[in-house]
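The values are calculated or read from the model by the stated rules, or taken from the named source; none is laboratory data. Note that the structure is predicted; figures quoted are calculated from it, not measured. Here the Cβ positions follow ideal geometry from the backbone for every residue, glycine too, while neighbour counts run over all protein chains shown.
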Amino acid sequence: MLLNFRRLILPAILFISFFNASAQTKMVSESIVLTQKIAAALKTSLGNSIIVKDSSIEYKTEKSTFLITIFNSKKGKEGMWKTVIINNCEVDFRAAGSKEIDKLVYQAIFKEKLGSAAKVIMADDKNGSYYPEIKFKGIIEQCNMGCAVDGICTLTVSGIEIKWASGEYGGTEPRGKVLNAEEVQLSNSIGKSAEVYCRFIPYLSEIYGKADYYIKLLN
């Protein structure tokens, strides 16, 4: 009886080990392929000054430096890193401190996430710094109408979650618009195409901060 059990369990263990190893190898290859794509886009502007190592891209000059590290994860993490999730990979970007170079980096990253038509704008803030805005088209994947519960309503468009309303609505901060749809009907918009102009913030972008921001339903 014990011998038969061992004969059954050993192949199962070997199969699970092989499956896990194959999945891990696939994820590693995904991060390396993504690294090469982003690096190729950056090389057209920055040349061979960038250093590529498996799943990281580094750039250093006397005036500016940045580091992009790509992990096989979708978790994301808070802190000094600006995180974008692309497929099964987490792209962590440590800002260069140069508006021009940061724009090139964001453009290369969002080209892979949102397509070549995605546009990045580096906007100035009142503190003398800057932040990225993105314009893109995508598919609405999720809708959260929980403003009354947690104070935030969001739409997720092609993997970018965007706050379009909150409990602070009616305050002094400028707010963009939802176009071509009544806001109360957005829960019926899943699967539809949309055009977005928003401020990109890791983990939760928004149409707050400018009246020009918008989420426009296209069909």
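Only residues that are at pLDDT 85 or above and either touching a Phe, Trp or Tyr at 6+ places or on another chain (Cβ under 8 Å) or part of a strand (DSSP E or B) (or both): list them for the range 161-185, please.
Of everything in the range 161-185, those that are at pLDDT 85 or above and either touching a Phe, Trp or Tyr at 6+ places or on another chain (Cβ under 8 Å) or part of a strand (DSSP E or B) (or both) turn out to be E161, I162, K163, W164, A165, P174, R175, G176, K177, V178, L179.
Condition check: part of a strand (DSSP E or B), out of contact with any Cys (no Cβ under 9 Å at 6 or more places or on another chain) and at pLDDT 90 or above. Does I57 satisfy that?
yes
Given the condition in contact (Cβ under 8 Å) with a residue 60 or more places away in the chain, assigned to a helix (DSSP H, G or I), on the phi < 0 side of the Ramachandran plot and under 15 Å from the mean Cα position of the chain (by Cα), answer yes or no: does some residue in the range 148-160 qualify?
There is no residue in the range 148-160 that is in contact (Cβ under 8 Å) with a residue 60 or more places away in the chain, assigned to a helix (DSSP H, G or I), on the phi < 0 side of the Ramachandran plot and under 15 Å from the mean Cα position of the chain (by Cα).
Taking the options I38, I9, I16, I51, name whichever one is among the β-branched types (V, I, T), farther than 24 Å from A118 by Cβ and modelled with pLDDT of 90 or more.
Going through I38, I9, I16, I51 in turn, just one is among the β-branched types (V, I, T), farther than 24 Å from A118 by Cβ and modelled with pLDDT of 90 or more: I51.
Can you tell me which residue among E141, E133 is of a type outside the set (A, V, I, L, M, F, W, C), surrounded by 17 or more Cβ atoms within 10 Å (Cβ to Cβ) and either modelled with pLDDT of 95 or more or assigned to a strand (DSSP E or B) (or both)?
E133
Within 19 Å of G151 (Cβ to Cβ) and among the small types (G, A, S) - does that describe any residue in the range 199-213?
So far as the range 199-213 goes, yes, one or more of its residues are within 19 Å of G151 (Cβ to Cβ) and among the small types (G, A, S).
Output the number of the condition that I109 fails; it satisfies all remaining conditions of (1) of a type in the set (A, V, I, L, M); (2) part of a loop (DSSP other than H, G, I, E, B); (3) in the same structural domain as T35 (by TED's automatic domain parsing).
The failed condition is (2).
When you scan the range 174-207, how many residues do you find that are among the polar types (S, T, N, Q) and within 17 Å of V120 (Cα to Cα)?
Count: 1.
Could you figure out which of (1) at pLDDT 85 or above; (2) within 21 Å of G209 (Cα to Cα); (3) surrounded by fewer than 20 Cβ atoms within 10 Å (Cβ to Cβ) isn't true of A118?
Against the list (1) at pLDDT 85 or above; (2) within 21 Å of G209 (Cα to Cα); (3) surrounded by fewer than 20 Cβ atoms within 10 Å (Cβ to Cβ), A118 comes up short only on (3).
Quick check on this structure: which one of L186, L217, L179 is of a type outside the set (S, T, N, Q), more than 21 Å from K103 (Cβ to Cβ) and exposed (fewer than 15 other Cβ atoms within 10 Å of the Cβ)?
L179
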